[in-house]
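Undergrad: Can you keep this structure in mind? I'll have questions shortly.
The values are calculated or read from the model by the stated rules, or taken from the named source; none is laboratory data. The structure presented is a predicted model; accordingly, all values stated were derived computationally and were not measured. FYI the Cβ positions are ideal-geometry reconstructions off the backbone, even for glycines, and counts take in every protein chain you see. Remember, those area values only see protein heavy atoms, side chains included, never the ligands or the DNA or RNA. Shrake-Rupley method; radii C 1.70, N 1.55, O 1.52, S 1.80 Å.
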Amino acid sequence: MSHPHETGHAVALSYEPGLPIPRGKLCLWVFLSTEIMFFAGLIGAYIVLRFGVPEGTWPTPTQVHLVEWIGAANTFVLICSSVTIVLAFEAAKQDRADVAKRWFVATLLLGSVFLGVKGYEYSQKFAHGIHPARPRSGIYDKPDVYYVSAVGQSIAAQVSRLQQASEQGIAGPETAEQVRELQEVREHLVQWTSFSVGRETDPVRQRLALAAFAHAVYPLGHDAVLEEFLKDEAASLAAPLEAARASKKAAEERAAAITERLAAIDAAEQERAAREQAGETPSDEETAARTAETAERTELYAEQTTLDTERNRLIQEVDRLEGRTRMLAKVAELEHGVAEGLHLDLPLMIPSGNTWADTYFLLTGFHALHVFIGLFAFGLMLPLRLGASRATMVENLGLYWHFVDLVWIFLFPLLYLF
């Protein structure tokens, strides 16, 4: 074996890299591996929450205003952006910088469209009170007395704001109508439910009444049991309403008769007083009649007082039953409940709604953040010449973008289809 000092020639050593990939791509894969574990944990937690609850206690996409075709269209947009970034990479490898730039811009635009659509979907959730908040957003997870109370408090706050705006002269002509609708909902839906549930002794009917109230405010879909319950209630109001109307009519007729009789007694008394002033002496029969009429007047006044009280009660009862009947008819007409049908800002009852909102915004929010980071990186590279010398940069950014697209391909069916 020869040695360098003996031959005078240096030994040439050759080193091979441990991995046949550039260091930049290696760092990217290390980063993506951590991101894969991060999103795997989030998606796994969502799957456990979603499929670990009893059937019927997790909101459907429709109930939380997720539109499947919008999500599908946005998925298609993101997939197209994966195609355009691949085309940009291929053009960059061939040193066709102008072509690569055009595909790069197309990717940037498609990613921006995705974020724009996601922003629109977020705005719809916030417009309906579906968003994370503590102690809760506009969502209640079950129909109970706390939910009824929350709807009542919301209506009272809205009425107060509208009345203040009207007093300050900054309210529009529709304010009075809005106040009237809010007061009708409060009186004939919220207060009626509170009183009826408080008087009800059957726990099953109590739960049905509370569930029917939530269905009237914000229906989660067609529910034959609750709709039949509301129809039965509407039918049960017909008989007491007719009875109250008949009693009210009888009371009004009796009140009119009393008023007429009192007027006749007063006229007779005035006639007798006129004759006495003229010097005529009343007969014994007239004196007895006056005494009897005085006693009758006292009785009629007492009856009139009692009758007025009863008549006012009957008027209130008729108004209450008529208002409830109108409200049930309106609920039957409004397919999306009084909250959306009358454009009222009311709390919603959505089973597991707060958990859904937390997980939905957590998953899609982190994904949107990654999309934004990718678009920011695209923006930084746009001024550069995307030729063969920068093909590796385009490839690395493309790998990141494929990862972002892959995450959304998992999120879309989980959120929009199940």
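Undergrad: Using modelled amide H (1.01 Å from N, peptide plane; none on Pro or chain starts), what sits under 5 Å from the amide H of TYR140, excluding residues fewer than 5 places away?
TA: LEU348, MET349, ILE350
Undergrad: Now for a different question. Report the gain in length on full extension from LEU307 to THR325: 0.36 nm times residue separation, minus Cα-Cα distance, nm rounded to one decimal. Don't jump to the answer; show the numbers that get you there.
TA: On the way: separation 18, 0.36 × 18 = 6.48 nm, distance 2.62 nm.
In short, 3.9 nm is gained.
Undergrad: While we're here: Once R0 is set to 45 Å, what does the formula 1/(1 + (r/R0)^6) return for the Cβ-Cβ distance between ILE79 and GLU340, expressed as a FRET efficiency to the nearest 0.05?
TA: Working: r = 33 Å, r/R0 = 0.74.
In this case the efficiency is close to 0.85.
Undergrad: Using the Karplus curve 6.51 cos²θ - 1.76 cosθ + 1.60 with θ = phi - 60°, what ³J(HN,Hα) values do you get for each residue of region 188-196, in whole Hz, with x for Gly and Pro?
TA: Once θ is set to phi - 60°, the couplings for region 188-196 become 9, 10, 6, 5, 4, 5, 4, 5, 5 Hz.
Undergrad: Relative to the present Cα-Cα distance, how much length would full extension add between GLN316 and ASP98 at 0.36 nm per residue of separation? All intermediate terms of the calculation are to be shown ahead of the outcome.
TA: Values: separation 218, 0.36 × 218 = 78.48 nm, distance 7.97 nm.
Residue separation times 0.36 nm, minus the Cα-Cα distance, leaves 70.5 nm.
Undergrad: For LYS25 and LEU362, what does the FRET efficiency come to when R0 = 25 Å and r is the distance between their Cβ atoms, rounded to the nearest 0.05? Please report the intermediate quantities before stating the final value.
TA: Details: r = 30 Å, r/R0 = 1.19.
Taking R0 as 25 Å, the efficiency between LYS25 and LEU362 is 0.25.
Undergrad: Starting from the Cα gyration tensor of region 179-222, take the square roots of the eigenvalues, sort them a ≥ b ≥ c, and report rounded, prolate or oblate (rounded when a/c is under 1.5, otherwise prolate if a/b is larger than b/c, else oblate).
TA: Values: a/c = 4.88, a/b = 1.29, b/c = 3.78.
Oblate, since a/c reaches 1.5 and b/c is not below a/b.
Undergrad: Moving on. Whenever you get a sec, compute what percent of the accessible area on region 155-214 sits on carbon and sulfur atoms (1.4 Å probe). Present the calculation step by step, with values, prior to reporting the outcome.
TA: Details: 1720 of 3440 Å².
The nonpolar share, carbon plus sulfur, comes to 50 percent.
Undergrad: What is the distance in Å between the Cα centroid of region 329-343 and that of region 110-178?
TA: 16 Å
Undergrad: For region 267-326, which GluC sites (Glu not before Pro) pass both filters: DSSP loop (anything but H, G, I, E, B) and at most 15 other C-beta atoms within 10 Å?
TA: Working: sites: GLU269, GLU271, GLU276, GLU280, GLU285, GLU286, GLU293, GLU296, GLU299, GLU303, GLU310, GLU317, GLU322; in loops: GLU280.
Passing both the DSSP loop test and the Cβ count: GLU280.
Undergrad: For a protection proxy built on the mean count of beta-carbon atoms within 10 angstrom, sort 391-399, 352-360, 94-102 highest first, please.
TA: Values: 391-399: 19.2, 352-360: 20.9, 94-102: 16.7.
Going by the mean number of other Cβ atoms within 10 Å, highest first, we get 352-360, 391-399, 94-102.
Undergrad: What is the percent carbon and sulfur in the accessible area of region 306-375, measuring with a 1.4 Å probe over the protein chains and ignoring ligands? Could the numbers behind the result be given before it?
TA: On the way: 1780 of 3140 Å².
Looking at region 306-375 in its full context, I get 57 percent from C and S.
Undergrad: Oh, and also: With a sphere of radius 10 Å drawn around the Cβ of LEU314, what net charge do the other residues whose Cβ falls strictly inside it have (Lys, Arg +1; Asp, Glu -1)? Display every interim value, and only then the final one.
TA: Working: positive: ARG245, LYS248, LYS249, ARG311, ARG313; negative: GLU252, GLU310, GLU317, ASP319.
Net charge in that neighbourhood comes out at +1.
Undergrad: By how many nm would the segment from ALA156 to ILE70 grow when fully extended, if each residue of separation counts as 0.36 nm and the alpha-carbon distance is taken off? If you can, show how the numbers build up before the last one.
TA: Working: separation 86, 0.36 × 86 = 30.96 nm, distance 3.61 nm.
So the extension gain works out to 27.3 nm.
Undergrad: Continuing with this model, one more query. Got a sec to turn the phi values of region 401-418 into Karplus ³J(HN,Hα) couplings, 6.51 cos²θ - 1.76 cosθ + 1.60 with θ = phi - 60°, whole Hz, x for Gly and Pro?
TA: Per-residue couplings from phi come out as 5, 5, 4, 4, 5, 5, 4, 5, 5, 6, 6, 4, x, 5, 8, 9, 10, 10 Hz.
Undergrad: A further question on this structure: Using θ = phi - 60° and the Karplus form 6.51 cos²θ - 1.76 cosθ + 1.60, what ³J(HN,Hα) does each residue of region 377-392 get, whole Hz, x for Gly and Pro?
TA: 3J(HN,Hα) across region 377-392, in whole Hz: 5, 4, x, 5, 8, 4, x, 7, 7, 8, x, 5, 5, 10, 4, 5.
Undergrad: Within the chain, what is the number of lysine pairs with alpha carbons under 24 Å apart, leaving out pairs fewer than eight places apart on the same chain? Working shown, then result.
TA: Numbers: LYS25/LYS93; LYS25/LYS101; LYS93/LYS101; LYS125/LYS142; LYS142/LYS231; LYS142/LYS330; LYS231/LYS330.
Count of close lysine pairs: 7.
Undergrad: Still on this structure: Let me know the Kirkwood hydrodynamic radius for region 235-348, please, with Cα pairs as the basis and the value in Å to one decimal. Write out the running numbers ahead of the final one.
TA: Working: mean 1/r = 0.0544 Å⁻¹.
Kirkwood radius, region 235-348: 18.4 Å.
Undergrad: Between beta-carbons, use under 14 Å as the cut-off and find the net charge around ALA92, counting Lys and Arg +1, Asp and Glu -1. List each step's numbers first, then the result.
TA: Numbers: positive: LYS93, ARG96, LYS101, ARG102, ARG385, ARG390; negative: GLU90, ASP95, ASP98, GLU395.
The answer is +2.
Undergrad: Per residue, how many Å² of accessible area does region 310-418 show with a 1.4 Å probe? Could the numbers behind the result be given before it?
TA: Details: 4790 Å² over 109 residues.
Per residue, region 310-418 has an accessible area of 44 Å².
Undergrad: Per the helix-only calculation at 222 nm, which mean residue ellipticity applies to the chain, given -39500 (n - 2.57) for every DSSP H run of n ≥ 4 and division by its residues, nearest 500 deg cm²/dmol? Kindly include the intermediate steps, with their values, before the conclusion.
TA: Values: 14 runs with 310 residues, N = 418.
Estimated from H runs of four or more residues: -26000 deg cm²/dmol.
Undergrad: Give me the base-10 log of I(q)/I(0) for the chain at each q in 0.14, 0.15 Å⁻¹, Debye formula, one uniform scatterer per Cα, rounded to two decimals.
TA: Evaluating at q = 0.14, 0.15 Å⁻¹ gives log10 I(q)/I(0) of -1.21, -1.30.
Undergrad: Another question about this same structure. For labels at ALA273 and GLU90 in the simple 7 Å Cα→Cβ model, what's the distance in nm?
TA: 11.2 nm
Undergrad: Can you pull the one-decimal nm distance between simple spin-label points at GLU286 and ARG245, each 7 Å off the Cα toward Cβ?
TA: In this crude spin-label approximation the distance works out to 5.0 nm.
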